[in-house]
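Visitor: Sharing a structure here in structure tokens format.
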Amino acid sequence: MEDTVLIVDDDEAVRTMLYKVIRSNGLAAESAASAEQALVRLEKRSYDLMLLDVNMPGMDGFQLVQRLRRQGNQIPIILISGRQEDYDTLYGLDIGADDYVTKPFNPVVLGAKVKALIRRSKAARFGGSTVITAGPFRYDTVTLRFYKDNQEIPLSSKENAMMRLFIDNVNRIFSKDMLYSLVWGEAVIDENAIMVYVNRLRQKIEDNPSKPRYIQTVRGLGYRFVV
């Protein structure tokens, strides 16, 4: 059975666009035009994740998150909003949302966030392994420790976040703006920072950093982790 995402937004055009993003990532999707409609749907079935608009007439997204968490509903929730103030982001996470994405957003990045959150949620619910393995590499998602050939490789926080992204998406090409958005959480890209951290990772994990085998540069597109 396909993982299913519930899209909650009062704007039909946004719902249609989000539906396409979800379907393009191999997931099923259903939608609701209000928080009230979402509650009705949630009474009838469970979903693997909710994409929830903050600004809606009637009950807004923040209020829906609070209501669901009070009821004990732990569905993974990504809030989507045009509000870009840090306060709104912190408030949304504090009341129980799992992530907060501001508009405009990169559809590819959003799709990656959705799949990663569903994967983590399922592992937590069903006691799945917290260890990701790929080739000679192993990454423990609980302890945040990274290994090559069973030898631990110490990573800084940014190196850790980038390596987790790579090992979670083997063979996927990430553009520089996607990497910066996912690792740094910022829209304004610093290409030099990306190159610095890619080179640091190569120094740590490659047999020959000058001829990288694992973190490959895809000319004109970005980087890809290959094992």
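Visitor: Hey, can you tell me all the residues within segment 184-227 that are in a loop (DSSP other than H, G, I, E, B), in contact with an Asp or Glu (Cβ under 9 Å, 6 or more places away or on another chain) and open to solvent by 50 Å² or more (accessible area, probe 1.4 Å)?
Guide: A187, I189, R213
Visitor: A follow-up question, please. If a residue has to be part of a helix (DSSP H, G or I) and either surrounded by fewer than 19 Cβ atoms within 10 Å (Cβ to Cβ) or free of Cβ contacts under 8 Å to residues at least 40 places away in the same chain (or both) to count, how many in segment 57-107 make the cut?
Guide: 18
Visitor: Please verify whether L93 is under 23 Å from Q71 (Cβ atoms), under 19 Å from the mean Cα position of the chain (by Cα) and modelled with pLDDT of 90 or more, treating the condition exactly as stated.
Guide: yes
Visitor: Restricting attention to segment 124-149, and to residues there that are surrounded by 14 or more Cβ atoms within 10 Å (Cβ to Cβ) and basic (K, R), which single residue is modelled with the highest pLDDT?
Guide: Once the filter is applied, the top-ranked residue is K148.
Visitor: Residue by residue through segment 1-17, note down the ones that are closer than 26 Å to G58 by Cα and part of a loop (DSSP other than H, G, I, E, B).
Guide: Correct list: D9, D10, D11.
Visitor: Just wondering, is there one or more residues in segment 118-135 that are small (G, A, S) and within 23 Å of I215 (Cβ to Cβ)?
Guide: yes
Visitor: Find the residue count for segment 39-55, including only residues that are more than 22 Å from the chain's Cα centre (by Cα) and among the hydrophobic types (A, V, I, L, M, F, W, C).
Guide: Going through segment 39-55 one residue at a time, the tally reaches 3.
Visitor: If we scan segment 164-178, do we find a residue that is open to solvent by 70 Å² or more (accessible area, probe 1.4 Å), at positive phi and of a type outside the set (G, A, S)?
Guide: Scanning segment 164-178, I find at least one residue that is open to solvent by 70 Å² or more (accessible area, probe 1.4 Å), at positive phi and of a type outside the set (G, A, S), so the answer is yes.
Visitor: Sort out which residues of segment 18-56 are of a type in the set (S, T, N, Q), in contact with a strand residue (DSSP E or B) (Cβ under 8 Å, 6 or more places away or on another chain) and outside any loop (DSSP other than H, G, I, E, B), and write them in order of number.
Guide: S31, Q37
Visitor: Exactly one of (1) touching a residue at least 60 places away in the same chain (Cβ under 8 Å); (2) within 22 Å of A123 (Cα to Cα); (3) open to solvent by 40 Å² or more (accessible area, probe 1.4 Å) is unmet by S24. Its number?
Guide: Result: S24 fails condition (2) only.
Visitor: For the condition touching a Pro at 6+ places or on another chain (Cβ under 9 Å), open to solvent by less than 70 Å² (accessible area, probe 1.4 Å), in a helix (DSSP H, G or I) and closer than 24 Å to I80 by Cα, what is the one hit in S181, S121?
Guide: S121
The values are calculated or read from the model by the stated rules, or taken from the named source; none is laboratory data. Just so it is clear, the structure is predicted and the values come from calculations on it, not from any experiment. Note that each Cβ is placed from the backbone with ideal geometry, even for glycine, and that neighbours are counted across all protein chains shown. For accessibility, only protein heavy atoms count, side chains too; no ligands or nucleic acids. Shrake-Rupley method; radii C 1.70, N 1.55, O 1.52, S 1.80 Å.
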